[in-house]
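These notes are about the structure you will find just below.
What follows draws every value from the coordinates through simple rules; no lab data is involved. Computed from a prediction, not measured in an experiment: that's the story for all the values here. Methodologically, a virtual Cβ is constructed for each residue, glycine included, from the backbone with ideal geometry; neighbour enumeration extends over all protein chains shown.
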């Protein structure tokens, strides 16, 4: 989703400067960039990788032409630091479920964080954390959000290329169901009665789970204009899925994505339409 129209404006006399930042996350999306291997070497011919602590201890000061941000905001220090990153970045792209939807750690948003801390830690007074895990866009303007847990490295390269060439990234907004059709998969829902998040989930994984006869888990978050109300109705009325299982699937890697959040809360409150 493009939220602002900033573009990379690197000086003709030097390469554009790329920075990669980590907040609360598992590092998987940064590793997706490192997994590009040969493509990463080609990328290095066109950009200056100025800050990327996952790959190198070398650090260059900003400003940066393009910043890639992984991870959610879970502490007051995170909230302060992301504002500094935004101030140094001409364009800022969030990558992965944590940065775009709060990540798996956003499950705290539905519970009492103080109670969790008291149960887990011997000295809760040493823990400084926010009561919620929120996406980067809840704190600063974001130029593009790339979904996935982890992200698709080909989509990442497309986004970087798009910002370098000052064009809109060509990342399809359709559902995993389209990817199943493109692969010639038999629908696991229709053929086997397997609950599947594919109809409401953003494409990008190549329909990995349905290809192996498993339902989609929603790793890439909500697609464009997802009909979660219809999904919940059919899961319950046609597949016999209980409410708890539905809530668990909506509160997965993208628990704080607004449309999944709202649907799970409706179910929890018993106000979903049958």
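Order the peptides 91-102, 186-197 from the highest to the lowest mean number of other Cβ atoms within 10 Å of their residues. It would help to have the intermediate numbers written out before the result.
Values: 91-102: 29.3, 186-197: 17.0.
Packing proxy ranking, top to bottom: 91-102, 186-197.
If neighbour count is taken as other Cβ atoms inside 10 Å, put 177, 216, 26 in order from fewest to most. Write down the numbers at each step before the final one.
Working: 177 21, 216 27, 26 17.
Listed from fewest to most nearby Cβ atoms, that is 26, 177, 216.
Taking only DSSP H segments of four or more residues, each worth -39500 (n - 2.57), what value at 222 nm results for the chain once the sum is divided by all its residues, to the nearest 500 deg cm²/dmol?
Working: 12 runs with 99 residues, N = 274.
Calculated at 222 nm, the ellipticity per residue is -10000 deg cm²/dmol.
What's the center-to-center distance, using Cα atoms, between segment 78-133 and segment 219-274 in Å?
23
So what is the relative contact order for the chain, in percent, with contacts set as C-alpha pairs under 8 Å and at least six apart?
Once divided by the residue count of the chain, the mean separation gives 18 percent.
How high is the relative contact order of segment 176-269, given as a whole-number percent (alpha carbon pairs under 8 Å, six or more residues apart)? Working shown, then result.
Details: 133 pairs, mean separation 23.1, N = 94.
It comes to 25 percent, rounded to a whole number.
Angle, helix 228-237 long axis vs. longest principal axis of the chain, Cα atoms, 0 to 90°, nearest 10?
30
What is the spin-label model distance, in nm, from residue 190 to residue 245 if the labels are put 7 Å beyond Cα along the C-beta direction?
Modelled inter-label distance: 2.1 nm.
Using a ≥ b ≥ c from the Cα gyration tensor of segment 17-164 (square roots of the eigenvalues), is it rounded, prolate or oblate, where a/c under 1.5 gives rounded and otherwise the larger of a/b and b/c decides, a/b for prolate? Don't jump to the answer; show the numbers that get you there.
On the way: a/c = 2.10, a/b = 1.90, b/c = 1.11.
Verdict is prolate for segment 17-164.
Output the relative contact order of segment 32-178, whole-number percent, from Cα pairs under 8 angstrom with separation of 6+ residues. Present the calculation step by step, with values, prior to reporting the outcome.
Values: 187 pairs, mean separation 36.7, N = 147.
That works out to 25 percent.
Rank 230, 133, 264 by mean-square fluctuation in a GNM of the chain with C-alpha springs under 10 angstrom and give only the top-ranked residue.
Of the options given, 230 has the highest mean-square fluctuation.
Which angle from 0 to 90°, rounded to the nearest 10, does the C-alpha axis of helix 76-88 make with the longest principal axis of the chain?
50
Residue 265 to residue 126: FRET efficiency via 1/(1 + (r/R0)^6), r the Cβ-Cβ distance, R0 35 Å, to the nearest 0.05? Can you show the working numbers first?
On the way: r = 32 Å, r/R0 = 0.91.
Efficiency, rounded to the nearest 0.05: 0.65.
Which angle between 0 and 90 degrees, to the nearest 10, do you get for helix 258-269 versus the longest principal axis of the chain when only C-alpha atoms count?
Result, in degrees: 30.
With a point put 7 Å past each Cα toward its Cβ, work out how far residue 138 is from residue 212 in nm, to one decimal.
Modelled inter-label distance: 3.2 nm.
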